[in-house]
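Asker: This is the structure, below, for whatever I ask next.
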Amino acid sequence: MLWKTIKILVALFVARHVVKLALLLGFHKTPLNHWPGPCRTVPPIEHGAEDIALTKSGLAIITSGIDVAYRGDLSDPRISEAEGKLFAFDFNHPEKNAVELKFSGNFEFVPHGIGLWESADDGTYVFVVNHRQEAETIEIFKLSGTTEKPVLEHVESVQDPLFTSMNDVVATGPRSFYVSNDGYLRFTAMRAVERLFNRPWGSVVHYNGKIARKVVDSAFEYNGMSLSRDGNFLFISCPFTSSVTVYERSTDSNDLSFHQEIQIGALPDNIFVHPETGDLWIGSSPIGHRVLAAFENLDNWAPSQAIRVRPLGSKEEPFEKFKLYEAFYDDGYLMSTSSSVAVVGNRMLVGSVMHKLVFCEMKTETNLPRDQY
């Protein structure tokens, strides 16, 4: 009798896990199309616009050429063959194409997440997650020039044993930053085991310019991150729970404490905080199993989506109440595997993990104060 009960419980546990996974991967969903206005792809980007950082002057810096095989993912060989690059797109002249940003430095460059530090005293610095074969590093660049002719200068590479499998970076100063580790095992098939058993071996690490330390030491597949406008909250996307986790941040110590979780009903990646409204704009994947199919074969398009989360709470608790909006949805024909968003006025960029960059002119105003919605 005891063994029969145990078998039933095990069977129920496995069935629950299978159903939960099927719902997460979206086998029950049908891709649709919803553009907020006229949209176009932005040449010459063809091999991904995984993450986007935006300057106050309207210049978007874009990472391209991520190799998902660094995490042990089975992937189309064409993905690994793409060259790692940085591009710039000027929101002030959206009719123009993106331009590649050249920089000096003799090192392997496989970019992923990107962050930005911009101040009158320090200037503008660009932080990029780099998956070198031998180590995970943060590459720091100094950005100068104009939006028409931006110039990048490589300043330094930061490496630490706590950088295990980095996904994104958020700057907190000209040499300090948070990084999200989406796991522990990299460049190995064991990463699949880490995921299969939901091992919380990821983390969030803060580097203060000299020392790195964990500020969240148990996390599962944390991805894109962004700070609130006042710097008091850190938003982290969690695709395996279809949510955004919100941490309250100490601006003095950079410690983090769990605050709340925002369910968005899709697989979120990178997060853009609107500088005027505080809205979260999230590049997300609505149908997860199609993303896996696209990793294995680029000819298998995966639907793309951009979600806007509008805070309706108080200044102290901005996301105590919120509304979700679908700002963009494409069945994969225009762009596949969306991962990032950036917004200026009624203009929006949507980036992808390994496909194209899309620019849209939105018909609805997005930067109105909260009480005018």
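Asker: Quick query: amide H of D51 versus all other amide H atoms, modeled in the peptide plane; which residues come in under 5 Å with a sequence gap of 5 or more or a different chain?
Answerer: T63
Asker: For S57 and N198, FRET efficiency with R0 = 45 Å and r from the beta-carbon atoms, rounded to 0.05? Write down the numbers at each step before the final one.
Answerer: On the way: r = 43 Å, r/R0 = 0.95.
The computed FRET efficiency comes out at 0.60.
Asker: Stick to Cα atoms and the Kirkwood definition of Rh, then tell me Rg/Rh for the range 279-354. Don't skip to the answer; put the middle values down first.
Answerer: Working: Rg = 14.3 Å, Rh = 13.2 Å.
That ratio equals 1.08.
Asker: Using packing as a proxy for protection, rank 106-117, 305-316, 331-342 so that the peptide with the highest average count of other Cβ atoms within 10 Å comes first.
Answerer: Numbers: 106-117: 19.8, 305-316: 17.7, 331-342: 24.2.
Ranked from most to least packed, the peptides come out as 331-342, 106-117, 305-316.
Asker: Tell me, in nm to one decimal, what length is gained between E361 and T41 on full extension, where the rule is 0.36 nm per residue of separation less the Cα-Cα distance?
Answerer: Details: separation 320, 0.36 × 320 = 115.20 nm, distance 1.20 nm.
Extra length from E361 to T41 when fully extended: 114.0 nm.
Asker: Using a 7 Å offset from the Cα along the Cα-to-Cβ direction at both R229 and D217, what is the distance between the two label points in nm, to one decimal?
Answerer: Output for this residue pair reads 3.6 nm.
Asker: How big is the Kirkwood radius of the range 205-280, worked out from every pair of different alpha carbons and given in Å to one decimal?
Answerer: Numbers: mean 1/r = 0.0770 Å⁻¹.
Evaluated on the range 205-280, it is 13.0 Å.
Asker: Here's a follow-up. For L32 and S104, what does the FRET efficiency come to when R0 = 56 Å and r is the distance between their Cβ atoms, rounded to the nearest 0.05? Present the calculation step by step, with values, prior to reporting the outcome.
Answerer: Values: r = 46 Å, r/R0 = 0.81.
The computed FRET efficiency comes out at 0.80.
Asker: In whole percent, how big is the carbon plus sulfur part of the accessible area of the chain, probe 1.4 Å, protein atoms only? Please report the intermediate quantities before stating the final value.
Answerer: Values: 9330 of 16850 Å².
Its accessible area is 55 percent carbon and sulfur atoms.
Asker: Using just the C-alpha positions of the chain as equal point scatterers, what log10 of I(q)/I(0) does the Debye formula give at each q in 0.08, 0.09, 0.15 1/Å?
Answerer: -0.37, -0.47, -1.42
Asker: To the nearest 0.05, what FRET efficiency results for D252 and S157 with a Förster distance of 35 Å applied to their C-beta separation? Display every interim value, and only then the final one.
Answerer: On the way: r = 28 Å, r/R0 = 0.80.
It comes to 0.80.
Asker: Under the definition of Cα pairs under 8 Å and six or more residues apart, what whole-number percent is the relative contact order of the range 79-159? Display every interim value, and only then the final one.
Answerer: Working: 140 pairs, mean separation 18.4, N = 81.
After rounding, I find 23 percent.
Asker: Between their Cα atoms, which of K56/K210; K85/K210; K56/K142; K315/K363; K56/K321 are more than 26 Å away from each other?
Answerer: Working: K56/K210 28 Å; K85/K210 28 Å; K56/K142 15 Å; K315/K363 28 Å; K56/K321 28 Å.
Pairs exceeding the cut-off: K56/K210; K85/K210; K315/K363; K56/K321.
Asker: Related question: Determine the distance separating the Cα centre of the range 170-212 from the Cα centre of the range 137-156; give it in Å without decimals.
Answerer: The two parts, judged by their Cα centres, are 24 Å apart.
Asker: Considering only protein heavy atoms, what per residue accessible area in square angstrom results for the chain with a 1.4 angstrom probe? Don't jump to the answer; show the numbers that get you there.
Answerer: Values: 16850 Å² over 373 residues.
Accessible area per residue, the chain: 45 Å².
Asker: Obtain the nm distance between the two label points defined at N208 and Y333 by a simple spin-label model: each point lies 7 Å from its Cα along the Cα-to-C-beta direction.
Answerer: 5.5 nm
Asker: For helix 2-25, report the angle its Cα long axis makes with the longest principal axis of the Cα atoms of the chain; keep it between 0 and 90° and round to the nearest 10°.
Answerer: Taking Cα atoms only, the helix is inclined about 30 degrees.
Asker: Given labels modelled 7 Å from the Cα in the Cβ direction, how far is it in nm from Y184 to L324?
Answerer: Going from the Y184 label point to the L324 one covers 3.2 nm.
Asker: Please say if the range 29-159 is rounded, prolate or oblate, where rounded means a/c under 1.5 for a ≥ b ≥ c the square roots of the C-alpha gyration tensor eigenvalues, and otherwise the choice is prolate for a/b larger than b/c and oblate otherwise?
Answerer: Details: a/c = 1.89, a/b = 1.04, b/c = 1.83.
Because a/c hits 1.5 or more and a/b fails to exceed b/c, the range 29-159 counts as oblate.
Asker: Sorted by average packing, counted as other Cβ atoms within 10 angstrom per residue and highest first, what order do 204-217, 127-140 take?
Answerer: On the way: 204-217: 16.6, 127-140: 20.5.
By packing density, highest mean first, the sequence is 127-140, 204-217.
The values are calculated or read from the model by the stated rules, or taken from the named source; none is laboratory data. The shown structure was predicted, so the numbers you read here are calculated from the model rather than taken from an experiment. Ideal geometry is used to build each Cβ from the backbone, glycine not excepted, and the neighbour counts take in all protein chains shown. These area figures cover heavy atoms from the full protein model, side chains too; ligands, DNA and RNA do not enter into them. Shrake-Rupley method; radii C 1.70, N 1.55, O 1.52, S 1.80 Å.
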